[in-house]
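Take a look at the structure below.
The values are calculated or read from the model by the stated rules, or taken from the named source; none is laboratory data. Because the structure is a prediction, the values reported are computed rather than measured. With ideal geometry, Cβ positions are generated from the backbone for all residues, glycine too; neighbour counts draw on all protein chains shown.
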Amino acid sequence: MTATTSATTNVASEPSLEDFAEECTAFLDASAERRPPARDFVWGEGDDSIALFEEIDPAEERRMLGEAKAWRARRFDAGLGWIFGPPELGGRGLSPAHDRLYTALEAKYVVPPQNYFGIGLGMVAPTILAHATEDVKRAYLPGMYRGDVVGCQLFSEPGAGSDLAGLQMRAERDGDQWVLNGQKVWTSGAQYSDIGEVICRSDPDQPKHRGLTGFVVDMAAPGVEVRPLRQMTGGASFNEVFFNDVRVPDDHRLGDVNQGWTVALTTLMNERASIGGGGGGGFGVANVTRLAEMLRHFGLAADPVHRQELMRLHCSFQVAKFTSQRALDKIKAGQLPGPELSIAKLALSENLTATAQFVSRVLGPRLTADSGEWGTFAWTQFVLGTPGMRIAGGSDEVMRNIVGERVLGLPKEPGDNAKQPFRETLRNT
């Protein structure tokens, strides 16, 4: 498929941040409502839902996606859809500071949720920009930033999750096309995505890191089948995707043949920046005030064990926030993301797990039965969804290996010796 592009905004000179703020504010005032002033949290008032891992009806999801696309289109057509992007691809060509300024200003207004574009714009689009042909960049990037094209990431397989280089989905060349066969799993957003970034094994005779090739694939192409995976939250945001003789033009290849590991690393670095870079390690649910009020409401505010656990959570949130900021500052300075992002991703899953355990101990049975009591059963989907974050974006075990080897300088984990009987391996350990 080919994305339709819209009118692009080219500027002769970069506006000052003050002038750009006026431009953005004028657009936002004309297009959205300002958020009401923030109120102090009061237990029992307002909506008690926890947005993270919330189950959404498919019909409601389609409606919300339509509103999100309409908002991105309006932004893009006003010259604010890809503020830091190259003008020849529909971007504005401004600095990261301009982009951060717009993000800060938009947060003051009520706009449709933009989470549908997180994977496409945070992971897939940067990879296309770095590794795709010029024709593919022109075909998809303007549409992705306008909201016309939604992207997903097709990496994990049933037998190769954390060991990405061990994937087995095949890509075989047939003239100026490639034929793809295999299965991917845990693909977020595949059910509403238009394109996907897929890594396949193109040369099984090469060492596993060298025989991979990346592609941009049309998710509506013949032979692509998306099947939702029901989660214990009740939702189905993950999918398994099957490829049966799916044909992809060679010009949709990302990078050189058998150099897909480099392509994958580009995506993974941006993935960890996207996942671990916000929310202070808590995706915005790390609201210590809310947790403190929960203790007061249930008469546990004076309990020293609960108080200590709450303060430990608060400190962990703050450390994660500062670590993520260090990583993002490196990226904004033009440096490659470093191991800080692995630490940030690990901190995210650790902090979410600690929050779930804290809430479970405070609420007890109130968490498991919907009694209608405010602020209790609303946490159920959060608690049930948290374990998935220990896998998403790199499992906790992989993140610990990266931190141990790249940050602490520890020796690499010993690999299995396929030529040595297992009993001898045990004897030598």
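Computed values, structure above
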item	result
Candidate set: the range 136-170, residues that are aliphatic (A, V, I, L, M) and at pLDDT 95 or above; chosen: the one surrounded by the most Cβ atoms within 10 Å (Cβ to Cβ)	Leu154
Qualifying positions in the range 35-57 - farther than 24 Å from Leu291 by Cα and in contact with a helix residue (DSSP H, G or I) (Cβ under 8 Å, 6 or more places away or on another chain)	Ile56
Any pair with Cβ under 9 angstrom, 6 or more apart, that starts in the range 340-351 at a residue that is closer than 21 Å to Leu384 by Cβ and in contact (Cβ under 8 Å) with a residue 24 or more places away in the chain and ends at one that is crowded, with 24+ Cβ neighbours inside 10 Å and of a type in the set (D, E, K, R)	Lys345/Glu271; Lys345/Arg272
Tally, over the range 204-226, of residues that are within 14 Å of Ser193 (Cβ to Cβ) and either at pLDDT below 95 or in a loop (DSSP other than H, G, I, E, B) (or both)	3
Selection from the range 253-269 of residues that are surrounded by fewer than 22 Cβ atoms within 10 Å (Cβ to Cβ) and not hydroxyl-bearing (Ser, Thr, Tyr)	Gly255, Asp256, Val257, Asn258, Gln259, Trp261, Leu265, Leu268, Met269
Residue ranges of helices (runs of 4 or more DSSP H) in the range 285-381 with at least 3 members modelled with pLDDT under 85 and over 27 Å from Glu55 (Cα atoms)	304-332, 340-363
Qualifying positions in the range 117-135 - surrounded by fewer than 21 Cβ atoms within 10 Å (Cβ to Cβ) and either assigned by TED's automatic domain parsing to the domain that holds Ala73 or not charged (D, E, K, R) (or both)	Gly118, Gly122, Pro126, Leu129, Ala130, Thr133
Total residues in the range 221-245, condition β-branched (Val, Ile, Thr), more than 17 Å from Glu60 (Cβ to Cβ) and touching a residue at least 40 places away in the same chain (Cβ under 8 Å)	1
The range 1-19, residues that are under 28 Å from the mean Cα position of the chain (by Cα) and either of a type outside the set (S, T, N, Q) or at pLDDT 95 or above (or both)	Met1, Ala3
Some residue of the range 162-177 being of a type outside the set (Gly, Ala, Ser) and within 16 Å of the chain's Cα centre (by Cα)	no
Positions within the range 155-170 being touching a residue at least 60 places away in the same chain (Cβ under 8 Å) and more than 18 Å from Asn239 (Cα to Cα), in sequence order	Ala165
Filter result (exposed (fewer than 15 other Cβ atoms within 10 Å of the Cβ) and either part of a helix (DSSP H, G or I) or modelled with pLDDT of 95 or more (or both)) within the range 89-107	Pro96, Ala97, Thr103, Ala104
Filtered residues of the range 69-88 (kept if surrounded by fewer than 19 Cβ atoms within 10 Å (Cβ to Cβ) and more than 22 Å from the chain's Cα centre (by Cα))	Arg74, Asp77, Ala78, Pro86, Pro87, Glu88
Condition check for Phe27: part of a helix (DSSP H, G or I), within 23 Å of the chain's Cα centre (by Cα) and at pLDDT 95 or above	no
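Residues checked against (1) in contact (Cβ under 8 Å) with a residue 60 or more places away in the chain; (2) exposed (fewer than 11 other Cβ atoms within 10 Å of the Cβ); (3) under 29 Å from His297 (Cα atoms):
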{"residue": "Phe20", "(1), (2), (3)": "yes, no, no"}
{"residue": "Thr25", "(1), (2), (3)": "yes, no, no"}
{"residue": "Leu28", "(1), (2), (3)": "yes, no, no"}
{"residue": "Arg35", "(1), (2), (3)": "yes, no, yes"}
{"residue": "Ala38", "(1), (2), (3)": "no, yes, yes"}
{"residue": "Trp43", "(1), (2), (3)": "yes, no, yes"}
{"residue": "Glu60", "(1), (2), (3)": "no, yes, no"}
{"residue": "Leu65", "(1), (2), (3)": "yes, no, no"}
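Residue by residue, here is whether (1) buried (at least 20 other Cβ atoms within 10 Å of the Cβ); (2) small (Gly, Ala, Ser); (3) in the same structural domain as Leu384 (by TED's automatic domain parsing) holds:
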| position | (1), (2), (3) |
| --- | --- |
| Met294 | yes, no, yes |
| Gln308 | no, no, yes |
| Ser316 | no, yes, yes |
| Ala320 | yes, yes, yes |
| Gly364 | no, yes, yes |
| Asp370 | no, no, yes |
